[in-house]
Amino acid sequence: MLREALKVILDIQELDIQMIRLMRLKRERQSELERIRTLREDLQNQVVLKENEVIDLKKQIRLSEVEVQELVSKTQKLESQQNVVKKVEEYNALTHEIAATEREKSGKEQRLSDLYDRQGAEEDLLKNLKATYDSTKSSSASLEQEILASIEAINAEGIQIKVKRDAMQEHADPEILRIYEKLLKNKRDRVVVPIENRCCSGCHILITAQHENLVRKGEKLVFCEHCSRIHFWQEHIAVAEEEKGTRRRRRTPSKV
Ligand SMILES: [Zn+2]
């Protein structure tokens, strides 16, 4: 009978809805995991970038130090030359050259002092980044474990649902099951729904009295004209449930 066939589909539908929710939850948890990993990798990349910046700065500093040192030696050389020249013009020329070298040197020293400041600031940043990375690494590790465990639990629950569903499917009318599965695939929501207060409880649109009568008769599948869901009459299912229970109760004593 149709109402009994629909009852089986309704039971399957409950499992399918559970499964859909479970898979949605699993996807959420997987993207959480992805977010945590991305965050950690981003931080790690930032640390590496900052480390390279500090290394570059140190190289620049070393170069500048050498340049300043060279200018110091140049000045010393010029001064010793000045000590031995005889002509006033030569002496004055050297004085100019020494002054120019000194100017160049103080420019370079200024730049070097800026570089030292930057090095200090960058090293502080690096230290903070490393600390953030380390604490993120340890806190995300435990969070990751938690999420992985919950995904495992979800998988186990999914297997249980599938086992139940496979068993139920054997009792289902293949044709109705096929139609139901196609609808479910489109809607990802309940597709066998009762009529409530003259409305389709799937799309909540009012249905005609004629349509309602067809559903009440329960002789064939009736689809919602608006959302294509399969309609059923609540009391039919209650009766089907009752009959199933009665049969089970009757069967049990006969076995003994
Ligand atoms: Zn509808």
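The values are calculated or read from the model by the stated rules, or taken from the named source; none is laboratory data. Computed from a prediction, not measured in an experiment: that's the story for all the values here. Reconstructed Cβ throughout: ideal geometry from the backbone, glycine too, with neighbour counts over all protein chains shown. The protein model used for the area step is the full one, side chains on, heavy atoms only, and it has no ligands, DNA or RNA in it. Shrake-Rupley method; radii C 1.70, N 1.55, O 1.52, S 1.80 Å.
The residue that is farthest from LEU126 (Cα to Cα), counting only those in region 74-92 that are of a type in the set (A, V, I, L, M, F, W, C) and assigned to a helix (DSSP H, G or I), is VAL88. The set of residues from region 136-167 being open to solvent by less than 70 Å² (accessible area, probe 1.4 Å) and more than 20 Å from the chain's Cα centre (by Cα) comprises ALA156, GLY158, ILE161, ARG165, ASP166, ALA167. Just a yes or no: is a residue in region 207-221 within 35 Å of the chain's Cα centre (by Cα), assigned to a helix (DSSP H, G or I), more than 12 Å from the ligand (Cβ to nearest atom) and farther than 16 Å from LEU6 by Cβ? Looking through region 207-221, none of the residues is within 35 Å of the chain's Cα centre (by Cα), assigned to a helix (DSSP H, G or I), more than 12 Å from the ligand (Cβ to nearest atom) and farther than 16 Å from LEU6 by Cβ.
Screening the candidates GLU41, GLU109, GLU89 for the property of being under 54 Å from the mean Cα position of the chain (by Cα) and either touching a residue at least 60 places away in the same chain (Cβ under 8 Å) or exposed (fewer than 12 other Cβ atoms within 10 Å of the Cβ) (or both) yields one hit, GLU41. Put simply, of LEU71, LEU129 the only residue that is in a helix (DSSP H, G or I), within 30 Å of ARG40 (Cα to Cα) and modelled with pLDDT of 95 or more is LEU129. The residues of region 80-108 that are touching a helix residue (DSSP H, G or I) at 6+ places or on another chain (Cβ under 8 Å) and hydrophobic (A, V, I, L, M, F, W, C), listed by number, are VAL85, LEU94, ILE98.
Considering only region 220-243, state which residues are open to solvent by 60 Å² or more (accessible area, probe 1.4 Å), touching a strand residue (DSSP E or B) at 6+ places or on another chain (Cβ under 9 Å) and touching a residue at least 40 places away in the same chain (Cβ under 8 Å). Correct list: GLN234 only. Filter region 60-80 for residues that are open to solvent by 80 Å² or more (accessible area, probe 1.4 Å) and over 25 Å from GLN119 (Cα atoms) and give the result. Result: LYS74, GLN76, LYS77, GLU79.
Would you mind stating whether VAL193 is within 13 Å of the ligand (Cβ to nearest atom), part of a strand (DSSP E or B) and within 23 Å of ASP16 (Cβ to Cβ)? Judged against the criteria, VAL193 is a match.
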